[in-house]
1. Skipping prolines and chain starts, which residues have an amide H placed within reach, meaning under 5 Å, of the one on ALA64, given they are 5 or more residues away or on another chain?
2. Which whole-number percent is the relative contact order of region 60-111 (Cα, under 8 Å, 6+ apart)?
3. If you place +1 on the Cβ of every Lys and Arg, -1 on the Cβ of every Asp and Glu, and leave all else neutral, what size is the dipole of region 93-185 about its Cα centre, to the nearest 20 Debye?
4. List the trypsin sites (Lys or Arg not before Pro) within region 42-98 that fall in a DSSP loop (any state other than H, G, I, E or B) and whose Cβ has at most 12 other Cβ atoms within 10 Å.
5. Step through the table entries LYS45/LYS122; LYS93/LYS178; LYS93/LYS122, compare each Cα-Cα distance with 29 Å, and write down the pairs that go over it.
6. What is the sum of charges, Lys and Arg at +1 and Asp and Glu at -1, for the other residues whose Cβ falls under 15 Å from the Cβ of ASP90?
7. Between beta-carbons, use under 14 Å as the cut-off and find the net charge around LYS178, counting Lys and Arg +1, Asp and Glu -1.
8. Under the definition of Cα pairs under 8 Å and six or more residues apart, what whole-number percent is the relative contact order of region 120-169?
Amino acid sequence: MKQLLLISLLTLYAFVARSQQLASSETQNELLPVTGFDFSANAEKITADILQVLGLQADFRIKAARVPNVEAVVRRGHRFIRYNPAFVNDLNKRSRDRWCSVFILAHEIGHHLSGHTVMRRKDRTHAIELDADEFAGFVMRRMGATLEQARLAVMYVANPVTTRTHPGTADRMLAVEKGWNKSMP
Ligand SMILES: [Zn+2]
(Lines give C-alpha, C1' and ligand atoms only; values in the text may rest on other atoms or scores of the structure.)
Protein backbone atom coordinates (compact mmCIF):
# COMPACT_ATOMS: atom_id res chain seq x y z
CA MET A 1 0.00 0.00 0.00
CA LYS A 2 2.81 2.35 1.01
CA GLN A 3 4.56 1.56 -2.22
CA LEU A 4 1.44 2.33 -4.24
CA LEU A 5 1.10 5.68 -2.50
CA LEU A 6 4.72 6.46 -3.24
CA ILE A 7 4.26 5.61 -6.91
CA SER A 8 1.14 7.79 -7.11
CA LEU A 9 2.96 10.66 -5.45
CA LEU A 10 5.90 10.31 -7.83
CA THR A 11 3.57 10.26 -10.82
CA LEU A 12 1.79 13.33 -9.51
CA TYR A 13 5.12 15.06 -8.93
CA ALA A 14 6.27 14.25 -12.47
CA PHE A 15 2.98 15.55 -13.83
CA VAL A 16 3.22 18.81 -11.89
CA ALA A 17 6.86 19.28 -12.88
CA ARG A 18 6.00 18.68 -16.53
CA SER A 19 3.06 21.11 -16.42
CA GLN A 20 5.28 23.76 -14.88
CA GLN A 21 7.88 23.16 -17.55
CA LEU A 22 5.24 23.49 -20.26
CA ALA A 23 3.82 26.59 -18.66
CA SER A 24 7.19 28.30 -18.56
CA SER A 25 8.02 27.41 -22.16
CA GLU A 26 4.60 28.62 -23.24
CA THR A 27 5.27 31.95 -21.53
CA GLN A 28 8.51 32.13 -23.46
CA ASN A 29 6.62 31.36 -26.67
CA GLU A 30 4.42 34.37 -26.11
CA LEU A 31 7.41 36.61 -25.63
CA LEU A 32 9.19 35.63 -28.81
CA PRO A 33 7.33 34.49 -31.90
CA VAL A 34 8.87 31.57 -33.79
CA THR A 35 7.63 32.41 -37.25
CA GLY A 36 9.53 35.18 -38.92
CA PHE A 37 11.82 35.41 -35.91
CA ASP A 38 14.35 38.13 -36.59
CA PHE A 39 17.46 38.43 -34.45
CA SER A 40 17.99 42.16 -35.03
CA ALA A 41 14.42 42.99 -34.07
CA ASN A 42 14.48 40.86 -30.91
CA ALA A 43 18.05 41.14 -29.62
CA GLU A 44 17.37 44.13 -27.36
CA LYS A 45 14.29 42.47 -25.90
CA ILE A 46 16.09 39.17 -25.24
CA THR A 47 18.96 41.06 -23.60
CA ALA A 48 16.48 42.91 -21.38
CA ASP A 49 14.83 39.56 -20.46
CA ILE A 50 18.23 38.05 -19.60
CA LEU A 51 19.11 40.99 -17.36
CA GLN A 52 15.70 40.81 -15.75
CA VAL A 53 16.01 37.18 -14.67
CA LEU A 54 19.46 37.99 -13.29
CA GLY A 55 18.13 41.06 -11.45
CA LEU A 56 20.84 43.13 -13.09
CA GLN A 57 20.95 46.53 -14.65
CA ALA A 58 23.65 46.87 -17.25
CA ASP A 59 24.23 48.64 -20.49
CA PHE A 60 24.94 46.39 -23.45
CA ARG A 61 24.76 47.80 -26.94
CA ILE A 62 23.82 45.27 -29.58
CA LYS A 63 25.08 46.08 -33.05
CA ALA A 64 25.17 44.43 -36.46
CA ALA A 65 28.76 44.45 -37.66
CA ARG A 66 31.21 42.90 -40.06
CA VAL A 67 32.41 40.21 -37.65
CA PRO A 68 32.82 36.47 -38.29
CA ASN A 69 29.87 35.50 -36.05
CA VAL A 70 29.16 37.12 -32.66
CA GLU A 71 31.53 38.82 -30.23
CA ALA A 72 31.64 40.78 -26.99
CA VAL A 73 33.90 43.83 -27.00
CA VAL A 74 34.49 46.98 -25.01
CA ARG A 75 35.00 50.17 -27.00
CA ARG A 76 35.53 53.58 -25.38
CA GLY A 77 34.11 52.33 -22.11
CA HIS A 78 30.94 50.89 -23.65
CA ARG A 79 30.04 47.22 -23.71
CA PHE A 80 29.06 45.98 -27.15
CA ILE A 81 27.74 42.72 -28.52
CA ARG A 82 28.46 42.71 -32.23
CA TYR A 83 26.87 40.20 -34.53
CA ASN A 84 27.03 39.20 -38.15
CA PRO A 85 23.40 39.38 -39.38
CA ALA A 86 23.89 36.61 -41.96
CA PHE A 87 25.31 34.28 -39.30
CA VAL A 88 22.52 34.76 -36.76
CA ASN A 89 19.72 34.71 -39.31
CA ASP A 90 21.03 31.51 -40.85
CA LEU A 91 21.20 29.98 -37.37
CA ASN A 92 17.60 30.94 -36.62
CA LYS A 93 16.43 29.59 -39.93
CA ARG A 94 18.18 26.26 -39.43
CA SER A 95 17.22 25.76 -35.79
CA ARG A 96 13.74 27.27 -36.05
CA ASP A 97 14.14 27.89 -32.35
CA ARG A 98 14.46 31.21 -30.56
CA TRP A 99 16.57 29.60 -27.83
CA CYS A 100 19.59 29.78 -30.15
CA SER A 101 19.40 33.58 -29.99
CA VAL A 102 18.96 33.49 -26.23
CA PHE A 103 22.00 31.21 -25.96
CA ILE A 104 24.15 33.47 -28.16
CA LEU A 105 23.29 36.63 -26.25
CA ALA A 106 23.57 35.01 -22.82
CA HIS A 107 27.00 33.61 -23.79
CA GLU A 108 28.26 37.07 -24.85
CA ILE A 109 26.76 38.75 -21.77
CA GLY A 110 28.61 36.09 -19.76
CA HIS A 111 31.89 37.17 -21.37
CA HIS A 112 31.21 40.79 -20.40
CA LEU A 113 30.13 40.07 -16.83
CA SER A 114 33.06 37.71 -16.21
CA GLY A 115 35.54 40.35 -17.34
CA HIS A 116 36.73 38.27 -20.33
CA THR A 117 36.41 41.28 -22.63
CA VAL A 118 39.07 43.19 -20.72
CA MET A 119 41.53 40.28 -20.55
CA ARG A 120 44.65 40.25 -22.70
CA ARG A 121 44.03 38.38 -25.93
CA LYS A 122 46.60 35.71 -25.10
CA ASP A 123 44.79 34.87 -21.85
CA ARG A 124 41.52 34.17 -23.62
CA THR A 125 41.57 30.41 -23.60
CA HIS A 126 39.01 27.72 -24.28
CA ALA A 127 38.24 27.80 -20.55
CA ILE A 128 36.62 31.21 -20.81
CA GLU A 129 34.37 29.92 -23.60
CA LEU A 130 33.20 27.12 -21.33
CA ASP A 131 32.61 29.66 -18.53
CA ALA A 132 30.41 31.72 -20.85
CA ASP A 133 28.55 28.57 -21.91
CA GLU A 134 27.95 27.59 -18.29
CA PHE A 135 26.58 31.06 -17.63
CA ALA A 136 24.31 30.77 -20.68
CA GLY A 137 22.96 27.41 -19.42
CA PHE A 138 22.22 29.00 -16.05
CA VAL A 139 20.39 31.92 -17.66
CA MET A 140 18.42 29.73 -20.06
CA ARG A 141 16.91 27.67 -17.28
CA ARG A 142 15.98 30.85 -15.43
CA MET A 143 14.19 31.95 -18.58
CA GLY A 144 12.27 28.69 -18.84
CA ALA A 145 14.38 26.57 -21.19
CA THR A 146 14.31 22.84 -20.68
CA LEU A 147 17.66 21.02 -20.62
CA GLU A 148 16.82 19.66 -24.06
CA GLN A 149 16.22 23.16 -25.44
CA ALA A 150 19.50 24.37 -23.95
CA ARG A 151 21.41 21.39 -25.37
CA LEU A 152 19.84 21.85 -28.81
CA ALA A 153 20.82 25.51 -28.94
CA VAL A 154 24.47 24.57 -28.34
CA MET A 155 24.30 21.91 -31.02
CA TYR A 156 23.36 24.50 -33.61
CA VAL A 157 25.82 27.14 -32.47
CA ALA A 158 28.91 25.07 -31.65
CA ASN A 159 31.43 23.48 -33.96
CA PRO A 160 31.49 19.67 -33.70
CA VAL A 161 35.28 19.70 -33.38
CA THR A 162 37.55 21.87 -31.26
CA THR A 163 38.86 24.91 -33.12
CA ARG A 164 41.61 27.42 -32.32
CA THR A 165 39.10 29.68 -30.55
CA HIS A 166 36.40 27.35 -29.24
CA PRO A 167 35.99 23.89 -27.68
CA GLY A 168 33.90 21.36 -29.62
CA THR A 169 30.19 20.67 -29.21
CA ALA A 170 30.54 17.87 -26.62
CA ASP A 171 32.54 20.00 -24.17
CA ARG A 172 30.34 23.02 -24.69
CA MET A 173 27.22 20.96 -24.12
CA LEU A 174 28.61 19.70 -20.82
CA ALA A 175 29.32 23.28 -19.74
CA VAL A 176 25.79 24.40 -20.61
CA GLU A 177 24.37 21.42 -18.78
CA LYS A 178 26.48 22.26 -15.71
CA GLY A 179 25.10 25.82 -15.69
CA TRP A 180 21.55 24.61 -16.27
CA ASN A 181 21.84 22.19 -13.34
CA LYS A 182 23.08 24.94 -10.99
CA SER A 183 20.11 27.11 -11.86
CA MET A 184 16.42 27.17 -11.04
CA PRO A 185 13.50 27.96 -13.32
ZN1 LIG B 1 32.54 33.14 -26.54
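The values are calculated or read from the model by the stated rules, or taken from the named source; none is laboratory data. All of these numbers come straight from a predicted model, not from anything done at the bench. Note that we place each Cβ from the backbone using ideal geometry, even for glycine, and neighbour counts take in every protein chain shown. Side chains included, ligands, DNA and RNA excluded: accessible areas come from the protein's heavy atoms. Shrake-Rupley method; radii C 1.70, N 1.55, O 1.52, S 1.80 Å.
1. Sorted by chain and number, the residues that satisfy this are TYR83.
2. 34 percent
3. Details: 15 positive and 10 negative charges, 48 e Å.
Dipole about the Cα centre, nearest 20: 240 debye.
4. Values: sites: LYS45, ARG61, LYS63, ARG66, ARG75, ARG76, ARG79, ARG82, LYS93, ARG94, ARG96, ARG98; in loops: ARG66, ARG76, ARG96, ARG98.
In loop regions of region 42-98 (DSSP not H, G, I, E or B), the sparsely surrounded trypsin sites (Lys or Arg not before Pro) are ARG66, ARG76, ARG96.
5. LYS45/LYS122; LYS93/LYS122
6. Once positives and negatives cancel, what remains is +2.
7. Within the 14 Å Cβ shell, the charges total -2.
8. 34 percent
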